[in-house]
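The values are calculated or read from the model by the stated rules, or taken from the named source; none is laboratory data. This is a predicted model, so every value here is computed, not measured. Using ideal geometry, Cβ is built from the backbone for each residue, glycine included, and neighbour counts are taken over all protein chains shown.
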Amino acid sequence: MIDFANMKYIKMKEDESYKKKVKDLIVSGEDVLGSYKALRDGVVFTTKRIIVINVQGITGKKVDYTSIPYAKFNAYSIESSGVFDMDAELNIYVSGMGMLTFEFRGRSDIREISKFISQAII
């Protein structure tokens, strides 16, 4: 599992290849909203949860998948990209994990993901 205590800040860009990595983990009625890459690791947002993909070892054959259901979120905040600051941010407060911060490089629209998080926690 990713050590969120030491790596609370993950900078990501959109990458469709991470959708394929979690296709066997998706359950009936769950759809992928977006997939993002941070170096070798990745994050996939679905309609029900966040799946964090931690590629391990030199060869990258060992992979850890951490599922964080939206139902476990206490609160969250988003910061959209601006004119000079092109990055968007998502801060999530998760029961038992604390705060996680994800930074999206480029013009990622995290408002769609925000809607699903809101539906789950409100």
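The table that follows gives values for the structure above.
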quantity: When residues of region 12-30 are limited to those that are touching a Phe, Trp or Tyr at 6+ places or on another chain (Cβ under 8 Å) and over 15 Å from residue 51 (Cβ atoms), the one surrounded by the fewest Cβ atoms within 10 Å (Cβ to Cβ); calculated: 13
quantity: Residue count for region 70-122, restricted to those that are modelled with pLDDT of 80 or more and either of a type in the set (Ser, Thr, Tyr) or assigned to a strand (DSSP E or B) (or both); calculated: 25
quantity: Which numbered condition residue 43 fails, given (1) aliphatic (A, V, I, L, M); (2) over 14 Å from residue 13 (Cβ atoms); (3) touching a residue at least 24 places away in the same chain (Cβ under 8 Å); calculated: (2)
quantity: Selection status of residue 60, at pLDDT below 85 and either surrounded by fewer than 16 Cβ atoms within 10 Å (Cβ to Cβ) or not in a helix (DSSP H, G or I) (or both); calculated: yes
